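In what follows, a structure is listed as structure tokens, so that the remarks can point back to it.
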Amino acid sequence: MRTYLLRRCLYMIMILLGASMLIFFLYSLTPGDYVDNNMNLSEQRKAELREIHGLDRPIIERYINWMANIFKGDFGYSLAQQRSVIDLFQDYIWNSFLLAVVATFFTWFFAVVIGVLTAYKQYSLFDTLVMIGIFAAMSIPSFFIGLFLIKVFAVDLKLLPPGGMITTGSRAVGWEYIKDVLHHMLLPVAVMVMLGVGSLTRYFRSNMLDVIKQDYVRTARAKGLKERSVLFRHALKNAMLPAITLVGFELPGLFGGSIIIEKIFNWPGIGQLYMQSFTVRDYPLLMGFTMFIAILTVIGTLISDILYHTSDPRVRL
Amino acid sequence: MKSLLKINNLSTHFHTEAGPIKAVNDVSFRIGEGETVCIVGESGCGKSITAMSVMGLVEGPNGRVVNGQILFDGKDLLQIGKEELRRIRGNDISIIFQEPMSSLNPVITIGKQIMEPLMLHQRLNKKQAYARTIELIELVGIPRAEQIASSYPHELSGGMLQRIMIAIAISCGPKLLIADEPTTALDVTIQAQVLETLRQIKEQSKMSMMLITHDLGVVAEMADYVIVMYAGKIVEQGGVVELFEHPKHPYTRGLLKSKPVIGQRLEQLYSIPGQVPNPLELVESCYFHDRCESCLPVCHTRQPQLKKSGDGQQVACWLYEEEAQYE
Ligand SMILES: Nc1ncnc2c1ncn2[C@@H]1O[C@H](COP(=O)(O)OP(=O)(O)OP(=O)(O)O)[C@@H](O)[C@H]1O
Ligand SMILES: [Mg+2]
């Protein structure tokens, strides 16, 4: 296990190095930057700014500087926002994370339960209805579901707020604040769950269908176990194994934000910040964010691998 | 001898796209207390499905017990509720399957899998169940029980796994143990050991046993009573001694003839000519007629009934029916 982990870490570093080059050179080769884009600056001021931020240096030198700073935990300085990228992340990422973590939890929960039950009752009315529902949910675009729910629940029924994270102008603290945020989260989380649950349910259903045909499930029944234990202890454990690897892959998604959902529900998350930065060519932020996601992806893959090796006794190292 | 299990006119069918398959067709027999009954017959003749019907585990959406009674301790297992049947499974009746390698859950430790029925049926707590598990593993003849208990199925050999299956099956002291070809997947030396384990346990605990096999050597060693099945029906049954000494049905005779005898080297081992009929194409007839050496005209058109024929033996064959001779 030890040597395996060491080797894995070595690969990770190499992959990240490659990724960082790709990210950096692609962004710096794109013509134009924040300074160019700003009409209000005089040519002289532009040159000054370039010098301050090192934009006039040779590209290799800039890359090395950028990397050295990342190692120190500094992802650069956003010219558009006049703040360090890390600070901006701190402000926005946790909002995105809150949405994503709650939505992911419910997505998995529903997918597992519905997947197991539909597999158990394959071809029943319940199974058919769920399958139709899943295909319907999967084929409707997210902005449509989002806007539709806003229309029904916020505009027509006035039950839920149409967007934002807290009520405008609210100064609530403590419990009141939490309640306010929960209230605002309901719709975006519902949409995210609806969009994600379909494919995952189908995945669990097909895993379960394979597993419940196995001899050991018959053995579990022959031992007189309750149907609940047969399904959720004996069968699900095996059906979950291939899914364990997916857990790690969720990691970048948890912090990456969702551009469309955050836009529709006006949620102050990293996805929105990312979109804004694009329009003003705020490259330090864009590069920093892309690199951040790359790091999370690599870590997520490692977590997946470790989970895979620790959860299946047959592949222990 | 008091009956423990009495099966009357059991029929189990599968509905497939090609038509209905009568996997078990009007089968009746009994197992006395402490008795070992062997069911023999070629592959596909309905032995496993008979066992599964008793356990209430006939699988798939299209398989169903369509008729009959399965009286266990006087209760009809086909009439009682699901919950009651579940409480009997693994407790009063337990089963060992043919394939030890795939019959244990690959991601749960051996120990936990043995403890499960103990905690469920015997209401032992974790500690008691674990202690009993260790005893059981030793009882089935595996050394280093603690280490085995904490290992996973893939770390054990086939013979060991089958003993673990036996340990699970006997854990709650069942009245009836069904063993469905418990040694077929194992190599010969291990076969003998596993059978020996089974026999010892049986002698100690006085349980009844339904042993399914197509190895007549096993029958001779283990059985009190033998049931010969062919294409879903019982063609002959009787005490093991009578049946081996005076086999009546041509199929039984064929089976016995195809059994190798030590010291008697033949050029070629005998095997019954022909093959088991396709269960979809069966029509009213003796199902064995096209392979039978002594086939009569009546065998093509009418099915013989299982009838008493001296010595407590029963046989379904026109050769032993007076009326048939004159047709
Ligand atoms: N799930 C199923 N669907 C359709 N037919 C089935 C199914 N299971 C069994 N059968 C049929 O039932 C018949 C009896 O099968 P069974 O498994 O009882 O045979 P067996 O005597 O145990 O044979 P073996 O010695 O190979 O284990 C076979 O003809 C088989 O085709
Ligand atoms: Mg079988």
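Readers should treat all values here as calculations from the given coordinates under stated rules, not as data from a laboratory. Everything numeric in this text was worked out from a predicted model, so none of it was measured. So basically every Cβ, Gly included, is an ideal-geometry build from the backbone, and we count neighbours across all protein chains shown.
List of remarks:
- The stretch A:223-281, subset polar (S, T, N, Q) and more than 14 Å from every other protein chain (Cβ to nearest Cβ), residue farthest from A:LEU117 (Cα to Cα): A:THR279
- The one condition in (1) buried (at least 19 other Cβ atoms within 10 Å of the Cβ); (2) facing chain A (nearest Cβ under 7 Å) that B:LEU118 fails to fulfil: (2)
- Here B:ASN62 meets the list (1) away from chain A (no Cβ under 14 Å); (2) in contact with a His (Cβ under 9 Å, 6 or more places away or on another chain); (3) surrounded by fewer than 24 Cβ atoms within 10 Å (Cβ to Cβ) almost entirely, failing just condition (1).
- Among residues of the stretch B:21-53, those that are more than 14 Å from chain A (Cβ to nearest Cβ), under 17 Å from B:LEU282 (Cβ atoms) and either among the aliphatic types (A, V, I, L, M) or more than 16 Å from ligand 1 (Cβ to nearest atom) (or both), counted: 4
- Among the residues making up the stretch B:65-88, those that are at the interface with chain A (Cβ under 9 Å from one of its Cβ atoms) and either within 16 Å of ligand 1 (Cβ to nearest atom) or surrounded by 17 or more Cβ atoms within 10 Å (Cβ to Cβ) (or both) are B:LEU85, B:ARG86, B:ILE88.
- Sole exception among (1) within 16 Å of ligand 1 (Cβ to nearest atom); (2) more than 13 Å from the chain's Cα centre (by Cα) for B:SER3, by number: (1)
- In the set (1) surrounded by 13 or more Cβ atoms within 10 Å (Cβ to Cβ); (2) free of Cβ contacts under 8 Å to residues at least 24 places away in the same chain, A:ILE23 fails one condition alone, (2).
- Within the stretch B:1-110, strands (runs of 3 or more DSSP E) holding 2 or more residues that are within 16 Å of ligand 2 (Cβ to nearest atom): B:3-16, B:19-32, B:36-40, B:93-96
- Condition check for B:THR50 on (1) within 13 Å of the chain's Cα centre (by Cα); (2) under 30 Å from B:ILE134 (Cα atoms): one failure, at (2).
- Enumeration of residues in the stretch B:89-107 that are more than 7 Å from chain A (Cβ to nearest Cβ) and either surrounded by fewer than 24 Cβ atoms within 10 Å (Cβ to Cβ) or closer than 20 Å to A:VAL315 by Cα (or both): B:ASP92, B:GLN98, B:MET101
- Residue check: B:GLY56 meets all listed conditions (1) within 13 Å of ligand 1 (Cβ to nearest atom); (2) within 14 Å of chain A (Cβ to nearest Cβ) but one, namely (1).
- Scanning the stretch B:197-221 for residues that are within 13 Å of ligand 1 (Cβ to nearest atom) and either within 14 Å of chain A (Cβ to nearest Cβ) or touching a Leu at 6+ places or on another chain (Cβ under 6 Å) (or both) gives a single hit, B:MET210.
- Test: residue in the stretch A:271-292 that is part of a helix (DSSP H, G or I) and touching a Pro at 6+ places or on another chain (Cβ under 6 Å): no
- Condition broken by B:GLU17, with the remaining ones in (1) surrounded by fewer than 17 Cβ atoms within 10 Å (Cβ to Cβ); (2) in contact (Cβ under 8 Å) with a residue 40 or more places away in the chain satisfied: (2)
- B:LEU78 vs. criteria touching a Cys at 6+ places or on another chain (Cβ under 9 Å) and over 26 Å from B:THR189 (Cα atoms): no
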